Each structure stands twice: as C-alpha cells, then as structure tokens.
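In what follows, a single structure is set out as structure tokens and then discussed.
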Amino acid sequence: MKRPIIPSRVEGTASRQAHADLPQGTFEREISKEGFFGPAAFFHHRHPPTGWVEFEGPLRPHAFDLTQLDRDQTSPWQAAEILRNANVRVRVWNASQSMDHLARNADGDDLLFVHRGAGEFHCDYGHLTLAAGDYVVIPRGTMWRIDLQEPMFALLIEATNSSYSLPDKGLLGAHAIFDPAMLDVPQMDAAFVAQQSDDRQWQVRVKRNNAISKVTYPFNPLDATGWHGDLSVVRINVKDIRPVASHRYHLPPSAHTTFVGNRFVVCTFVPRPFETDPGALKVPFFHNNDDYDEVLFYHAGDFFSRDNIKPGMMTLHPCGFTHGPHPKALKNMLVQSKPATDEYAVMIDTRDALEVTESAAAVEWSGYVDSWKTK
C-alpha cells in the first residue's frame with residue numbers, strides 16, 4: 001500500500017486537484033494507466049473532448065438494445081453471446097420457463113446477474129431464492145438449475161479458465177462497500193430436500209471449450225445430504241452494496257469494483273449522494289482509459305450521464321476511445337438538481353479487446369456515436 005512521494009507537474013492554466021476546481025470555461029480529460037490505479041495526466045480543454053462532427057473506424061463506441069434479443073431460451077447454454085475475448089464471455093439469457101435439465105460450466109466460473117425475474121436456484125450446495133438485482137457467483141464445475149417464478153432476463157459473465165475473487169479494498173478495509181458477511185450461501189433447506197424427490201431421468205449439460213456434452217442420470221444428481229469446505233456458490237444483491245462516496249471529489253469507476261476475474265473486473269454503480277463541494281465535478285470526467293475496454297449494462301433507474309439509454313441496454317467503449325458525459329449531462333457538470341444519483345448498472349472492464357458478436361450487431365443502435373453531438 002506504499003507509494004513514493006513524487007510531486008506532480010503542472011503546466012499552463014490547470015487545476016492542481018483532479019476532478020475539482022476546473023479553470024473557468026474548461027473541460028477536464030484524464031489519460032490514465034492501469035484502470036485509474038497508475039500514472040495519470042489531466043488536460044483542460046476549451047471544448048468538450050467528445051465534440052466531434054464525424055467519427056469513422058473501429059474505435060467507434062457501441063450501444064446494444066439487449067431487450068430486442070430472442071426469448072424462450074430454456075438453457076443458459078442457449079443464451080446469446082454478446083461480447084467475448086480469451087478471458088471473459090458475456091451472454092444474455094432470456095428464459096420464460098423452468099430448466100428441465102442441469103447446467104455445469106467446465107470452462108470457468110460464471111457470474112449470474114438477474115436483471116429481471118425471479119426463481120428458485122438449486123445447485124450442488126443447496127437452494128437460493130433469486131430476485132432482480134442478485135449477483136450469483138457459480139464456481140466452475142457446479143451443477144445447477146433454476147425453477148422460474150417469473151420470466152428471467154439475466155447476464156452470464158464467464159471468467160474463462162479462471163475464478164472470481166473479491167477486490168483488495170486497500171485503506172477502506174475488507175468490510176467496506178459490502179461486508180463479506182453479506183454474501184449468502186445456498187441452504188440445504190426443506191425446498192432443497194423436496195426437489196430431491198423428483199427421481200425422473202435428469203440430464204446434465206456440461207460446457208467445455210464452448211461445446212456441450214450431455215450426461216443423463218436415472219436419478220436427480222442434486223442429491224447431496226451435506227457438505228463442508230470453503231468453496232461455495234455465493235449471492236449478493238445490488239441493494240446491499242454501500243458505495244464509496246466523497247462530497248469533494250468525483251471518484252473513478254474503479255472505486256466501485258465488486259468482483260475480480262483474470263484480466264477483467266466487474267463494478268457496480270448504485271445510488272449515491274452527489275458531490276456537494278462547489279468546485280467538484282458532479283458528472284463522470286472525460287477520459288481515455290487507455291488500458292481497458294469498458295462495458296456498461298444498464299439495470300435500473302435514471303442514467304444521469306447518458307441520453308437515450310434505457311434499462312436492458314449495454315454500451316461498449318473500446319480502449320483508447322475518449323468518452324464522458326453526453327451534452328445534456330454536461331449542463332449539470334457543477335450543479336445537480338437532486339441530491340443523489342438514481343441508477344443501478346453493471347460495468348465490465350477488460351484488459352484485452354472484446355469482440356462484438358453477430359448477436360450483438362443485430363441489436364446495435366448505430367447512431368450511438370452521434371449521441372455526443374450538440375443539437
């Protein structure tokens with residue numbers, strides 16, 4: 001946790017404090033390394049850095065309306081793949097009926113995020129009741145299925161060939177943002193025991209190297225009578241996350257890291273108070289984030305830094321793309337009309353470039369790059 005004392009150089013007319021006390025009439029842009037953890041430079045521009053009139057080439061940002069994807073996917077392995085690289089795969093699962101089989105991922109841990117719907121989750125470890133806003137970490141090799149109570153729209157974020165862990169919260173301590181005691185584990189309760197009486201033939205669909213193998217049993221393989229150890233499915237709801245906030249300084253997205261995979265992180269934006277210091281930015285700052293692709297899935301609320309974005313949409317800002325608040329949000333750069341944000345969103349930052357799949361391209365809003373233009 002130690003860092004050398006290195007005075008920061010200031011040239012020209014510039015603020016000495018990042019994200020605060022900007023010279024009048026300027027817009028701040030950050031170039032940073034290692035996802036806001038490394039060296040950084042802060043430029044003050046006369047015009048918004050996103051004030052382009054044309055934008056061509058592969059660095060164009062993307063927005064996908066995932067609510068337009070096909071529904072009625074009984075199996076999570078039928079879920080539409082949206083983005084991928086060697087370390088992470090992002091799928092969208094639209095299920096309208098309960099699973100008639102068990103799933104098992106042999107490629108890596110899965111992080112299930114329930115955007116909409118409810119159901120009973122049964123797995124090797126026991127039973128959990130799922131609701132909108134739940135994150136469920138499913139360790140690699142776990143058998144599981146969901147009995148739906150309501151149709152479900154969920155993200156499946158695979159940590160390919162790796163495992164999820166919690167971030168190092170540094171000076172904040174291990175109990176900040178959420179206490180590990182808030183992580184629920186499945187219970188071998190009455191509901192779990194009752195489902196064992198279903199002794200018809202059960203099929204387990206195992207994904208390995210992105211291919212599916214089917215293993216059929218003459219009984220229900222979720223028949224464990226108990227277990228012990230320090231590996232388990234865990235769950236936490238976004239409403240149980242207590243965000244870090246500062247009234248004098250707009251914190252970078254990395255302050256909201258929730259889970260860490262191999263060469264990517266998952267962050268969660270939840271309602272928090274706006275900064276109250278008169279000189280502090282009240283909107284996300286313009287930045288390049290030159291080491292990561294940035295993905296944002298919009299779950300619920302009013303997305304104060306984005307225009308024409310609704311729940312169920314996802315954006316991708318490729319590494320090196322300068323981005324920041326849309327023009328309408330810039331009007332509230334230093335003054336907000338309400339005391340706090342009202343948004344829930346899941347962010348995925350990947351160290352390696354993401355590939356946009358055909359499924360994603362089919363529901364892309366091609367005009368997203370123009371949404372930064374002033375009207």
Pull up region 345-364, narrow it to residues that are touching a Phe, Trp or Tyr at 6+ places or on another chain (Cβ under 7 Å) and open to solvent by 20 Å² or more (accessible area, probe 1.4 Å), then point me to the one that is farthest from A132 (Cα to Cα). R351
Give the number of residues within region 240-266 that are hydroxyl-bearing (S, T, Y) and within 24 Å of T160 (Cα to Cα). 3
Filter region 230-243 for residues that are under 15 Å from the mean Cα position of the chain (by Cα) and open to solvent by less than 30 Å² (accessible area, probe 1.4 Å) and give the result. I236, N237, V238, I241
May I ask you to list the residues in region 95-119 that are touching a residue at least 60 places away in the same chain (Cβ under 8 Å), assigned to a strand (DSSP E or B) and either over 23 Å from the mean Cα position of the chain (by Cα) or closer than 16 Å to I157 by Cβ (or both)? L102, A103, N105, D109, L111, F113, H115
Whether any residue in region 245-262 is under 12 Å from the mean Cα position of the chain (by Cα), closer than 20 Å to L354 by Cα and of a type in the set (A, V, I, L, M, F, W, C) is what I want to check. yes
Quick test for you: out of A106, A174, A131, A86, pick the one residue that is at pLDDT 95 or above, over 26 Å from N209 (Cα atoms) and open to solvent by 10 Å² or more (accessible area, probe 1.4 Å). A131
So is I309 part of a strand (DSSP E or B) and of a type in the set (V, I, T) or not? no
Within region 312-323, which residues are on the phi > 0 side of the Ramachandran plot and either crowded, with 19+ Cβ neighbours inside 10 Å or not in a loop (DSSP other than H, G, I, E, B) (or both)? G312
Tally of residues being at positive phi and small (G, A, S) across region 140-191: 3
When region 365-375 is checked residue by residue, the ones that are of a type in the set (V, I, T) and either surrounded by fewer than 16 Cβ atoms within 10 Å (Cβ to Cβ) or farther than 11 Å from H62 by Cβ (or both) are T374
Check off (1) more than 28 Å from Y164 (Cα to Cα); (2) out of contact with any strand residue (DSSP E or B) (no Cβ under 6 Å at 6 or more places or on another chain); (3) buried (at least 19 other Cβ atoms within 10 Å of the Cβ) for Q336 and give me the number that stays unchecked. (3)
When every residue in region 283-308 that is surrounded by fewer than 21 Cβ atoms within 10 Å (Cβ to Cβ) and charged (D, E, K, R) is compared, the one nearest to N87 (Cα to Cα) is D291
Give region 19-33 a look and list any residue that's open to solvent by 20 Å² or more (accessible area, probe 1.4 Å) and part of a loop (DSSP other than H, G, I, E, B), or say none. D21, L22, P23, Q24, G25, T26, K33
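Suppose we keep only residues that are in a loop (DSSP other than H, G, I, E, B) and closer than 24 Å to A159 by Cα within region 244-273. Which one would you say is most open to solvent (accessible area, probe 1.4 Å)?
That would be R263.
The values are calculated or read from the model by the stated rules, or taken from the named source; none is laboratory data. Given the structure is predicted, the values throughout are model-derived calculations rather than measurements. Here the Cβ is made from the backbone with ideal geometry for all residues, glycine too, and neighbour counts use every protein chain on show. SASA here: full protein model, heavy atoms, side chains in, ligands and nucleic acids out. Shrake-Rupley method; radii C 1.70, N 1.55, O 1.52, S 1.80 Å.
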